[in-house]
Amino acid sequence: MTADDLAIAGFVPFSSIDWPARLAATVFLQGCPWNCGYCQNPDLIDPLLPGTLAWRTVRETLGRRVGLLDGVVFSGGEPLRQAALVDAVAEVRDMGFLAAVHTAGSYPARLKALLPSLAWVGLDIKAPPRLYGAVTGIEASGARAWESLDLVVDSGIDYEVRVTVDPTVLGLSDVEEIVAELGRRGARMPVLQEVRAMGSRPEYAAKLGTTRLADVVPEDALPGVERRVEHVPIKGAPSVREVLASRDDGDSDDQRMSA
Ligand code: SF4
């Protein structure tokens with residue numbers, strides 16, 4: 001199993017929003033074992049679908065970005081689903097990049113093995129353990145996600161916990177329970193993310209209706225907890241143009257690549 005075996009669904013050569021305060025390339029890997037109603041990438045869930053882009057193409061593009069990018073983010077889908085991720089992380093580190101993952105914590109054992117090679121983790125925590133199945137469709141998902149949280153906190157590496165608030169499942173007391181449990185486990189304050197109807201399945205969008213994050217977590221609730229809503233970039237992240245200008249390169253090839 002090598003990085004050439006990766007099923008890659010998409011590639012963004014320059015991104016200033018996928019890793020806080022870093023300029024990165026983002027690789028979207030196919031397949032996820034869970035089935036969240038609000039998933040923004042439902043086409044990336046099916047683990048049997050082949051990739052649309054070869055790793056060698058990604059590798060070649062990254063080779064031209066050495067010195068321009070801080071690192072490479074592996075996202076999805078669930079990137080830890082694919083065993084070839086280990087090889088891909090090793091390759092990008094050999095090229096001089098930092099490596100990061102966006103994960104829902106579905107594979108704690110794989111995450112534990114990979115953590116020493118990562119510089120940052122964006123971890124989704126979706127619900128208190130008792131409500132996880134209602135969000136992901138998989139009853140055992142909560143134990144795995146919260147185990148992954150403990151692993152990330154104990155590792156000492158940089159991370160961000162994102163709580164994507166599903167209004168069709170969670171109420172304010174549930175979100176308060178998540179924040180309290182994160183504190184009890186020694187985790188940083190999370191970022192609350194708003195689900196988006198656009199991009200989700202039509203049946204979920206219909207169920208969500210016009211409900212927004214502020215309808216579940218009023219503005220005066222949970223003071224000090226950051227919120228991220230649609231099209232608001234990560235706080236502190238420079239624009240692609242700003243970073244490229246500072247790195248003396250005129251190539252602003254900010255595009256999603258797929259075959
Ligand atoms: S864990 Fe993430 S990629 Fe998987 S179904 Fe849920 S939202 Fe989609």
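The values are calculated or read from the model by the stated rules, or taken from the named source; none is laboratory data. The structure presented is a predicted model; accordingly, all values stated were derived computationally and were not measured. When we count neighbours, we look across all protein chains shown, and the Cβ atoms used for this are built from the backbone with ideal geometry, even at glycine.
Quick check on the range 119-151: of everything there that is of a type in the set (A, V, I, L, M) and out of contact with any helix residue (DSSP H, G or I) (no Cβ under 7 Å at 6 or more places or on another chain), which residue is farthest from Asp215 (Cα to Cα)?
Selected residue: Ala119.
Under 8 Å by Cβ, and 6 or more places apart or on different chains, what pairs join a residue from the range 28-46 that is touching a residue at least 24 places away in the same chain (Cβ under 8 Å) with one that is near the ligand (Cβ under 6 Å from one of its atoms) and acidic (Asp, Glu)?
Leu29/Glu78; Gly31/Glu78; Cys32/Glu78; Pro33/Glu78; Trp34/Glu78
Can you name the number of the only condition in (1) surrounded by fewer than 21 Cβ atoms within 10 Å (Cβ to Cβ); (2) at pLDDT 95 or above; (3) within 16 Å of the ligand (Cβ to nearest atom); (4) not hydrophobic (A, V, I, L, M, F, W, C) that Gln40 fails?
It fails just one condition, (2).
Only one of (1) over 24 Å from Gly77 (Cβ atoms); (2) crowded, with 18+ Cβ neighbours inside 10 Å is not met by Val195, so which one is it?
Just one mismatch for Val195, condition (1).
Restricting to the range 213-228, and then to whatever is in a loop (DSSP other than H, G, I, E, B) and touching a residue at least 40 places away in the same chain (Cβ under 8 Å), can you tell me which residue is surrounded by the fewest Cβ atoms within 10 Å (Cβ to Cβ)? Before you say what the answer is, go through the steps one by one.
Initial filter on the range 213-228 (in a loop (DSSP other than H, G, I, E, B)): 217-225.
In the following step, the residues that additionally are touching a residue at least 40 places away in the same chain (Cβ under 8 Å) were identified as 217-218, 221-222, 225.
Working: Val217: 24, Pro218: 10, Ala221: 14, Leu222: 18, Val225: 16.
It comes out as Pro218.
For residues that are away from the ligand (no atom under 13 Å from the Cβ) and in contact (Cβ under 8 Å) with a residue 40 or more places away in the chain, scanning just the range 130-146, find the one that is nearest to the chain's Cα centre (by Cα).
Ranking the qualifying residues of the range 130-146, first place goes to Trp146.
Quick one: how many residues across the range 145-160 are charged (D, E, K, R), within 17 Å of Tyr107 (Cβ to Cβ) and in contact with a strand residue (DSSP E or B) (Cβ under 9 Å, 6 or more places away or on another chain)?
So the answer is 0.
For the range 2-12, state whether one or more residues are among the aromatic types (Phe, Trp, Tyr), buried (at least 16 other Cβ atoms within 10 Å of the Cβ) and in a loop (DSSP other than H, G, I, E, B). If you could, list the steps in order and put the result at the bottom.
Restricting attention to the range 2-12, the residues satisfying the condition of being among the aromatic types (Phe, Trp, Tyr) are 11.
From the residues that got through so far, the ones that are buried (at least 16 other Cβ atoms within 10 Å of the Cβ) too are 11.
Applying the additional criterion that residues be in a loop (DSSP other than H, G, I, E, B) yields none.
The answer is no; no qualifying residue exists.
Could you tell me which numbered condition Gly186 fails, if it satisfies all but one of (1) surrounded by fewer than 12 Cβ atoms within 10 Å (Cβ to Cβ); (2) assigned to a helix (DSSP H, G or I); (3) touching a residue at least 24 places away in the same chain (Cβ under 8 Å)?
(2)
Take the residues of the range 102-118 that are buried (at least 18 other Cβ atoms within 10 Å of the Cβ) and away from the ligand (no atom under 12 Å from the Cβ): which is nearest to Val175 (Cα to Cα)? Can you show your working first?
Filtering the range 102-118 for residues buried (at least 18 other Cβ atoms within 10 Å of the Cβ) gives 102-108, 110-111, 114-115, 118.
From the residues that got through so far, the ones that are away from the ligand (no atom under 12 Å from the Cβ) too are 108, 110-111, 114-115, 118.
Details: Pro108: 23, Arg110: 28, Leu111: 25, Leu114: 29, Leu115: 27, Leu118: 28 Å.
Across the range 102-118, the extreme among qualifying residues is Pro108.
Listed residues Thr52, Thr2, Thr26; which is within 16 Å of the ligand (Cβ to nearest atom) and either at pLDDT below 95 or out of contact with any Leu (no Cβ under 6 Å at 6 or more places or on another chain) (or both)?
Step by step, each of Thr52, Thr2, Thr26 is checked, and only Thr26 is within 16 Å of the ligand (Cβ to nearest atom) and either at pLDDT below 95 or out of contact with any Leu (no Cβ under 6 Å at 6 or more places or on another chain) (or both).
Which condition from (1) more than 16 Å from the ligand (Cβ to nearest atom); (2) under 15 Å from the mean Cα position of the chain (by Cα); (3) charged (D, E, K, R) is the one that Arg81 breaks?
Going through the list (1) more than 16 Å from the ligand (Cβ to nearest atom); (2) under 15 Å from the mean Cα position of the chain (by Cα); (3) charged (D, E, K, R), Arg81 breaks only (1).
Take Arg81 and tell me if it is charged (D, E, K, R), at pLDDT 95 or above and surrounded by 19 or more Cβ atoms within 10 Å (Cβ to Cβ). So that I can check it myself, show each step before the final result.
Values: charged (D, E, K, R): yes; at pLDDT 95 or above: yes; surrounded by 19 or more Cβ atoms within 10 Å (Cβ to Cβ): yes.
Here the answer is yes, as Arg81 does meet what is asked.
Being within 21 Å of Arg162 (Cα to Cα) and assigned to a loop (DSSP other than H, G, I, E, B): is that true of Pro33 here?
yes
If I filter the range 55-78 down to residues being buried (at least 16 other Cβ atoms within 10 Å of the Cβ), farther than 30 Å from Gly209 by Cα and not β-branched (Val, Ile, Thr), which single residue comes out as nearest to the ligand (Cβ to nearest atom)?
Out of the qualifying residues, it is Phe74.
Need at least 2 residues that are β-branched (Val, Ile, Thr) per element, so show me which helices (runs of 4 or more DSSP H) inside the range 79-181 make the cut, counting only ones lying wholly within it.
Details: elements: 85-94, 108-114, 132-136, 141-155.
Output list reads 85-94, 132-136, 141-155.
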